[in-house]
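So the structure is just underneath, and the comments pick up after that.
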Amino acid sequence: MPPRARLLAAAGYLPADVVTNDELAARHGLDTSDAWIAERTGIRQRHFAAPGETASAMGAEAARRALALAGVPGEEVDLVIVATSTPDSAFPATAARIHAAIGATRGFAFDLAAACTGFIYALGVADSLLRTGAARCALVIGTEVYSRILDWTDRSTCVLFGDGAGAVLLRAESPDGPGILSTHLHADGRQADILTVDGGAGSTGGTGVVRMQGREVFRHAVTKLAAVVDEALAANGFTHADVSWLVPHQANLRIIEGMGRKLHLPPERVVVTVDRHANTSAASIPLALAEAWADGRIRPGDLVLMEAIGGGLTWGAAIARM
Ligand code: COA
């Protein structure tokens, strides 16, 4: 039997600048209010990176914290996958910079682009590589500086996002032990234009800014997340009653609460950070997982269900035994 990818530790990093809804409106002269943002999204504040603070710097800090929690030296890591829409540069990969920053010298490192689903995609790819023996010890990192790709004149999108990083350390261990049970990844490129960045190195030469048809994205989120959660449970012979924790992508509290209700989970079994972090895209799930694991909510033996949807469209789910 192939090994199972065990989650050894998770850790996050949030930049120091905390910006409330009111401060955001004042900084950018936005015609919005704390009440509008909080009611529609659940967001109260977000963190923004300092000038010069990069995806690799934040991701490396989250990675170092995860390694320290697990007591694993950086040299043991032989796979680094970074999910990001805001890499330091087109190349080298942000993952390569983090590989060096943690003191890794072996194995391989690459970035993966699946927008807000990036962490679930990266977890799925890492799980496959650990099962085949291509790697033994993996860091899966989501790290984002969306504050650099927002249009500050578009109040319907610029209020939704924040910066941060989260890292999960995985190691190939016993096939019967805890770890990733399954991952389920999907894409529909026909919906590419409803959530997109309108520029890039290979098209405009610039970075572009986030463009979103909010209502359309909301509509797809509700149906696709419900379907992929059912798929993940069915693949393992589970029902909603088996789930200990829902750790969802943190885009919108209304979507998160809807998924909790679908799974018949009481609100205290759904990990929520969107109020404090806003949408940190690929970083949101590892940040939420790290928080709930660190404060003792998530315990050994718990069944954790993770799900996300994002630009692509991409969406997916993962189930792990802790
Ligand atoms: N402050 C105040 N008013 C705002 C506003 C803001 N920040 N942003 C938009 N509005 C206004 C609009 O101009 C519009 O006004 P109008 O009726 O006079 O034209 C009104 O609010 C409704 O806009 P709409 O975009 O239809 O709002 P909505 O109810 O769909 O809520 C979102 C907008 C973005 C909160 C919602 O669509 C959403 O959450 N979508 C999913 C987004 C998501 O999760 N994306 C990430 C996926 S990874």
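Only the coordinates and a few stated rules stand behind these numbers; no lab work does. Predicted, not measured: the structure shown is a model, and the values here were computed from it. Reconstructed Cβ throughout: ideal geometry from the backbone, glycine too, with neighbour counts over all protein chains shown.
Take the Cβ atoms of residue 90 and residue 26, set R0 to 41 Å, and the FRET efficiency comes out at 0.75. One way to sum up the overall shape of segment 179-321 is the equivalent ellipsoid from its Cα gyration tensor, whose semi-axes run 28, 17, 14 Å, largest first. Kindly work out what percent of the DSSP beta bridges joining two residues of segment 4-173 are antiparallel, to the nearest 5. Counting DSSP beta bridges with both partners in segment 4-173, the antiparallel share is about 70 percent.
Taking a point 7 Å out from the Cα of residue 190 in the direction of its Cβ, the residues of segment 278-322 whose backbone N falls within less than 17 Å of it are 312-315.
Can you tell me the relative contact order of segment 179-321? Whole percent, Cα pairs under 8 Å, sequence separation 6 or more. With pairs under 8 Å counted, the relative contact order is 37 percent. Spacing of the modelled spin labels on residue 1 and residue 235, each 7 Å from Cα toward Cβ, amounts to 1.8 nm. Any idea which of 187, 205, 320 is furthest toward the positive side of the dipole for segment 179-321, if Lys and Arg beta-carbons carry +1 and Asp and Glu beta-carbons -1? It is 187. With contributions of -39500 (n - 2.57) from each DSSP H run of at least four residues, the per-residue ellipticity at 222 nm computed over the chain stands at -10000 deg cm²/dmol. Restricting the calculation to Cα atoms, the chain yields a radius of gyration followed by a Dmax of 18.2, 59 Å.
Using a/c under 1.5 as the rounded threshold, could you call segment 269-322 rounded, prolate or oblate? The axes a ≥ b ≥ c are square roots of the C-alpha gyration tensor eigenvalues, and prolate needs a/b larger than b/c, oblate otherwise. Taking the square roots of the gyration eigenvalues as a ≥ b ≥ c, segment 269-322 is oblate.
Evaluated at q = 0.16, 0.21, 0.22 Å⁻¹, a Debye calculation over the C-alpha positions of segment 6-136 (equal weights, vacuum) places log10 I(q)/I(0) at -0.89, -1.26, -1.34. Stretched out straight at 0.36 nm per residue, the stretch from residue 106 to residue 295 would grow longer than its current Cα-Cα span by 64.8 nm.
Ordering 147, 164, 126 by Cα displacement along the dipole of segment 61-171 toward the positive end leaves 126 in first place; charges were set at the Cβ atoms of Lys, Arg (+1) and Asp, Glu (-1).
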